[in-house]
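Read through the structure below, which is laid out as structure tokens, and then see the notes.
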Amino acid sequence: MPSVWLVWLIVQEYGYSLIASSKLYGSTNVPDEVHCRTGTNRTLPSSFPVDYQRLQPTKQQQYIDYKLHYGLRYNPSKPNVRNGTQEQHPLRERKKFLPPKTPYEPPLLSVFHIISFVNGPCVPRRQVSTVEGNVGHDNGTIWTGVCYHEQECNLLNGTPMDSCAGGFGVCCVFRFGCDGKTEQNVSYFHSPHYPLPATDALPCGFTLVLQRAVQQVLLEFLFFELQPPQLGNCVEDQLIVSVQNDQRVYPVLCGINTGQHMYLDIDRAYSHRLYLSAVFNSKQPRAFLVKITQLANRRAPASCLQFHEGVSGVLKSFNYDNNSVLVTNRKASYFNNLNYAICIRRQPMFCNAVLANIDTSNGNENTFQLVNIADDGSSIVPPNQAGVEVFSCPDDFIAINFVRLCGERLNDGSLVADASINKPVTYSSAGPIVIAVHTDRSTVGRGFKLTYTQLVCTNKIR
């Protein structure tokens, strides 16, 4: 009985499969009446001789352009249906003739990218005559620059004059000739071919782009020798100072003004440029070097064209000097139409200031001459006399201690009544020390050169 059940189970498991395999063996087509039994997985042994490739219907292989369909960066080879071989892709054929690729080399990092340092002020040890190979008069100029990388200095149109930052940087000096333009804190404007003299008749301009925080600009005339004025007016040579959208009038300079300076008040809300224009109208030699400094903090009191901070110093009118290096045609005199203030910082614990026209180097008296002409053409103040107050000094004067002084002697009459003697004048008023300078448009004189000394307070304030 168990054997009967065993035979029945074998027939149920393998009966249909044996029948189907016997008919499929050696045949390429499967009859439509042969159907697989559903429900149970039927697996054949791996040794069963069935050719599955022959069971599939024969079909020609279809080529798919994957590059066109999917946007791939390669192009699969396309089989050749004629001889069963694959054609070589044209791109691969071209690659045989291309030169081999050179290996990629990353750019080298320069010192400019690796080493950084503070761009602080510096003073080069070499002078401009040494740098440029010129032999000129500029042997005592102390230049001021900024420590930059050499590449930065070249990009900013600066002149490297010395090394700094341990040799990794250069002391970059921003010095410009005609048509120069910069926005640096400290820059220089000089005549063509400086330190050699300029002999061509030409206009020469410089533009300073004012920084956002600037409040004042200091102009220092390190070297200034132009042709002299004619009757108080600069005709042959001129240096004109102007500020954008600023209605204040600054003196037009010529003659000898080495060592002079100017403070310009800046209103940054309206002014964005400062212009310096030099005009040469002859073939005579001249040269100038102007140092320009932008000040973020106000140094001089407002409306002071000139400002002195020492306990002692020298006050001098424009074009007072009568000695020069380049210019042979000299005519020492002040200019027409001047109206400006010279201020002195009152030092702590100092009350008064004494002004005199005595040269401290040799003890000689400096020439003092401020001329006022009456309607008939005669001098209001007699020759070799001191003029005091408005009746004697209506037009050309300096005001010390709020008293007008003019003539050919410095004497306010407080110490000696003799007007033919030079005597010191004491500034004893409270507040800032201000010396007013005023001239008209007619006759001019030599001007003034005064020494001042501040005195320590000796009396208690009551």
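A few points about this structure:
- Solvent-accessible area per residue, Å², over the range 369-462 with all protein chains present [probe radius 1.4 Å]: 53
- Inter-centroid distance (Cα atoms) of the range 306-320 relative to the range 209-242, Å: 17
- The overall shape of the range 213-255 is oblate: from the C-alpha gyration tensor, with semi-axes ordered a ≥ b ≥ c, the ratio a/c is 1.5 or greater and a/b is no larger than b/c.
- Using the Cβ of N157 as centre and a radius below 15 Å, the other residues enclosed give a net charge of -2, where K and R count +1 and D and E count -1.
- Between R330 and S414, the distance separating the two model label sites (each 7 Å from Cα on the Cα→Cβ line) works out to 3.3 nm.
- Annotation note: chymotrypsin sites (Phe, Trp or Tyr not before Pro) in the range 361-442 located in DSSP loop regions with a Cβ neighbour count of at most 11 within 10 Å are F402.
- Computed FRET value (nearest 0.05) for V354 with N384, which takes r as the C-beta separation and R₀ as 22 Å: 0.45
- The rule of thumb for compact globular proteins, 2.2 N^0.38 Å, goes into the C-alpha radius of gyration of the range 317-462 1.09 times.
- Placing +1 on the Cβ of every Lys and Arg and -1 on the Cβ of every Asp and Glu, with no other charges, gives the range 203-281 a dipole of roughly 320 debye about its Cα centre.
- With the whole protein complex present, S324 retains an accessible surface near 40 Å², based on a 1.4 Å probe.
- Evaluated at q = 0.17, 0.18, 0.25 Å⁻¹, a Debye calculation over the C-alpha positions of the range 205-294 (equal weights, vacuum) places log10 I(q)/I(0) at -0.72, -0.80, -1.30.
- Other residues with beta-carbon under 13 Å from the beta-carbon of N329 carry, at +1 per Lys or Arg and -1 per Asp or Glu, a net charge of +1.
The values are calculated or read from the model by the stated rules, or taken from the named source; none is laboratory data. Treat the numbers as computed from the prediction; the structure is a model and nothing was measured. FYI the Cβ positions are ideal-geometry reconstructions off the backbone, even for glycines, and counts take in every protein chain you see. Note: areas computed on protein heavy atoms with side chains; ligands, DNA, RNA excluded. Shrake-Rupley method; radii C 1.70, N 1.55, O 1.52, S 1.80 Å.
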